[in-house]
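**Q** Take a look at this one; I'll ask things after.
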Amino acid sequence: HKLLKAETRDALFNPRPEANSPSYGYGFMVNAIGSDREVGHGGTFPGTTAQLAIFLDSGYTFVALCNGLGAQAAYNKALSLIERLKAE
């Protein structure tokens with residue numbers, strides 16, 4: 001907690017159902033991936049895509065910055081590799 005207090009991190013990484021946002025915190029998508037909690041965000045801009053995924057329980061972090069539409073495909077591949085590593 002050198003950059004953010006735990007309370008601030010929790011506000012970012014927890015969904016806000018009271019604000020009609022059941023899978024979105026303050027700036028981060030919040031998902032359950034198997035037994036892991038994932039927070040992150042992706043986006044596109046003409047000619048580029050990006051994806052950030054932080055797996056809170058297993059400690060993995062994935063970042064893709066792509067020219068073109070490759071970020072989602074890279075994320076899908078990384079997710080399958082992480083799931084395989086966790087199964088070992």
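**Q** Gain in length, Ala6 to Ser80, computed as 0.36 nm per residue apart minus the alpha-carbon separation, to one decimal in nm?
**A** Here the answer is 23.7 nm.
**Q** Here's something else I'd like to know. On the accessible surface of the chain, probed at 1.4 Å, how many percent belong to carbon and sulfur atoms?
**A** The C+S portion of the solvent-accessible surface of the chain is 59 percent.
**Q** Report the one residue of Ile54, Ala87, Asn20 whose Cα lies farthest in the direction of the positive end of the charge dipole of the chain (charges on C-beta: Lys and Arg +1, Asp and Glu -1; origin at the Cα centre).
**A** Selected residue: Ile54.
**Q** Counting only heavy atoms of protein chains, what accessible area per residue, in Å², does the chain have with a probe of 1.4 Å?
**A** 68
**Q** Also, quick follow-up: For P(r) over Cα pairs in 5 Å bins from 0, in percent, several values are listed as (i) 3, 13, 19, 17, 14, 11, 8, 6, 4, 2, 1, 1, 0; (ii) 3, 14, 20, 22, 18, 15, 7, 1; (iii) 3, 15, 27, 23, 15, 9, 5, 2, 1, 0; flag the one computed from this structure.
**A** For P(r) over Cα pairs in 5 Å bins from 0, in percent, the calculated option is (ii).
**Q** Along the Cα-to-C-beta direction of Arg16, a point sits 7 Å from the Cα; which residues of segment 36-63 have their amide N less than 18 Å from that point?
**A** Those under the cut-off are 39-42.
**Q** Below 23 Å, Cα to Cα, which lysines can Lys77 reach? Residues fewer than 8 away in the same chain don't count.
**A** Lys86
The values are calculated or read from the model by the stated rules, or taken from the named source; none is laboratory data. All figures in this text were calculated on a predicted structure; none of them were measured in a lab. Neighbour counts are summed over all protein chains in view; Cβ atoms, including those assigned to glycine, are modelled from backbone coordinates with ideal geometry. Accessible surface is based on the protein model in full, side chains and every heavy atom, while ligands, DNA and RNA are left aside. Shrake-Rupley method; radii C 1.70, N 1.55, O 1.52, S 1.80 Å.
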